[in-house]
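One structure below.
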Amino acid sequence: RTIKEISTYTKKTADFLENWNLLDVAFQNNTAEAEKFVNTLSEMYGLDESWGYRTVGLFKQLANAMGLTDEVGTKLSKTLTQLAIDTSSLYNIDIEDTVSILQSGLAGQTKPVRRLGGDITQTTFSPC
């Protein structure tokens, strides 16, 4: 039993460090704002900080890949993280599934977003 607990603790520590590293790389060593945001989410919703670092970092990494400015990318990553929490609660689905759906939407995949009743097809965004 003790070995299993040590193994679990070691894995959680490694996961935390990997998630922190993702955040650090995505925010190019300028993590203060993201850290404050994740800490606030953790206090408000009782969410694991490691999850918050990973999620904010993933969305920021996507924003960076899309060529968004640092300011816009940071705002997008925070907004999508909050949206993941709210959507997960609203539709009573796993928060990791929600994050995956939002990532798919950013990548232009329409089918996962439809699962939540959204439509991100070209027709939807075209002017009338």
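Select from region 19-36 the residues that are part of a helix (DSSP H, G or I), open to solvent by less than 60 Å² (accessible area, probe 1.4 Å) and of a type outside the set (G, A, S) and list them in ascending order.
Result: N19, L22, L23, D24.
Give me the pairs: first residue in region 75-97 and touching a residue at least 24 places away in the same chain (Cβ under 8 Å), second residue among the basic types (K, R), beta-carbon distance under 8 Å, and six or more apart or on different chains, which are they?
Listed pairs, sorted by first residue: S77/K60.
Testing L80 on (1) touching a Leu at 6+ places or on another chain (Cβ under 8 Å); (2) at positive phi, one condition comes back false. Which one is that?
Here L80 clears every test but (2).
(1) more than 26 Å from T74 (Cβ to Cβ); (2) surrounded by 13 or more Cβ atoms within 10 Å (Cβ to Cβ): which one isn't true of T8, the others all being true?
(2)
Could you check E43 against (1) more than 21 Å from L106 (Cβ to Cβ); (2) touching a Lys or Arg at 6+ places or on another chain (Cβ under 7 Å) and say which number it fails?
That leaves (2) as the condition not met.
Looking at (1) closer than 23 Å to N21 by Cα; (2) exposed (fewer than 14 other Cβ atoms within 10 Å of the Cβ), find the lone condition where K111 falls short.
(1)
The values are calculated or read from the model by the stated rules, or taken from the named source; none is laboratory data. None of the values given here were measured: they were computed from a predicted structure. Every residue, glycine as well, gets a Cβ built from its backbone with ideal geometry; the counts of neighbours run over all protein chains shown. These area figures cover heavy atoms from the full protein model, side chains too; ligands, DNA and RNA do not enter into them. Shrake-Rupley method; radii C 1.70, N 1.55, O 1.52, S 1.80 Å.
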